[in-house]
1. Among the residues of the stretch 194-227, count how many are within 24 Å of the chain's Cα centre (by Cα) and within 12 Å of Pro268 (Cα to Cα).
2. What is the number of the single condition among (1) under 30 Å from Phe110 (Cβ atoms); (2) buried (at least 22 other Cβ atoms within 10 Å of the Cβ); (3) not charged (D, E, K, R) that Ser221 does not meet?
3. What is the residue count in the stretch 222-251 for residues that are out of contact with any Pro (no Cβ under 8 Å at 6 or more places or on another chain) and within 17 Å of Pro88 (Cβ to Cβ)?
4. Taking into account only those residues within the stretch 225-263 that are among the aromatic types (Phe, Trp, Tyr) and surrounded by 24 or more Cβ atoms within 10 Å (Cβ to Cβ), which is nearest to Ala168 (Cα to Cα)?
5. What strands (runs of 3 or more DSSP E) completely inside the stretch 210-264 contain at least 3 residues that are at pLDDT 95 or above and closer than 17 Å to Ile180 by Cβ?
6. Please give the number of the condition Ile195 fails out of (1) surrounded by fewer than 18 Cβ atoms within 10 Å (Cβ to Cβ); (2) under 21 Å from Arg152 (Cα atoms).
7. Kindly evaluate Gly198 against the criterion of being without any contact (Cβ under 8 Å) to a residue 60 or more places away in the chain and within 21 Å of Phe224 (Cβ to Cβ).
8. Quick check: is even one residue across the stretch 152-175 more than 23 Å from the chain's Cα centre (by Cα), under 27 Å from Gly279 (Cα atoms) and surrounded by 23 or more Cβ atoms within 10 Å (Cβ to Cβ)?
Amino acid sequence: MRLRHVCSVGSALLAFAAFASDALADSTPGGTTAGGATAPVNTASTGATGATGATGATSFSGTSGTVAPGSAYAPIPVLEPTPLTSPPLSPIILSKEDQSASFVYRGPVFVETSTGTITPYVPHTMVASVSGGTVAGTPTGAIPHLVVPGPRAEIVRGLAAAPQEAPAVVQHIIWEANKIIGRPYVFGGGHRSFISAGYDCSGTVSFALHGGRLLKTPLDSGQFIGWGRSGQGQWLTILTNPGHAYLDVAGLRLDTSAADDPHDQQGPRWRPLRTGNSGYTIRHPSGL
């Protein structure tokens, strides 16, 4: 009886050892009992990284084409500066060989957007309802920053378009002065503050120069006699005496006087150049 019991116990121990061996195999990382077989561990390495593709060639914009009648304006070409040659002096006298006082500009006009891009200028007007129809009113929105090709400013619908070749300070003087075009003439207007319901001659000149950050406080016509440098400027020229002052900007005259202006309107306006400027001291900002 004892021998048979010992054999039974031994058989049980052997069976337990076999079970423990199988359990240990199942607990090995990567092992599995699916289907009864141990799945091998995948030791394959990651595939090689593909080579970077070649960079494409840079594309350049085409040149500006000729403007066809009735079509959209071609972009204003960007001109390279010529530092070795100085631009000619800005004209202050309307030459007999040049444009007449009644000249009307009909060339291409562009507008500079808030992002600095140049697009064709399309005038927008407010339309008011009236009995029997509609009537066009004042321009809508902010006054546009008008631009024309070349070195000369032009009058467009009463406003001045800045020349594309002019320095930024000159362009901003023109665009700022557009804000007061058509205001009434007011003696002393624009002297207590740059903001005024109306302007006199030197108040108009002061407002424009302030727009280009060339003046911090308004000056009268007598004070302009000693301002800046003597002589005619390349882009800006102030013509002044103790009783009157006006400003030439890139070939246009900013003046409250209707002298030599066929429209005969008073107050701040863009006007053609005069045929003579006798009796005036000529000054210009340094560098302009």
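The values are calculated or read from the model by the stated rules, or taken from the named source; none is laboratory data. Remember, it's a predicted structure, so these values are computed and weren't measured experimentally. Methodologically, a virtual Cβ is constructed for each residue, glycine included, from the backbone with ideal geometry; neighbour enumeration extends over all protein chains shown.
1. So the count comes out to 2.
2. (1)
3. So the count comes out to 4.
4. Initial filter on the stretch 225-263 (among the aromatic types (Phe, Trp, Tyr)): 227, 235, 246.
Those still in the list that are surrounded by 24 or more Cβ atoms within 10 Å (Cβ to Cβ) too: 235, 246.
Values: Trp235: 11, Tyr246: 21 Å.
It comes out as Trp235.
5. Numbers: elements: 236-241, 244-249, 252-255.
Of the strands (runs of 3 or more DSSP E) lying wholly inside the stretch 210-264, those with at least 3 residues that are at pLDDT 95 or above and closer than 17 Å to Ile180 by Cβ span 244-249, 252-255.
6. (2)
7. In short, no.
8. no
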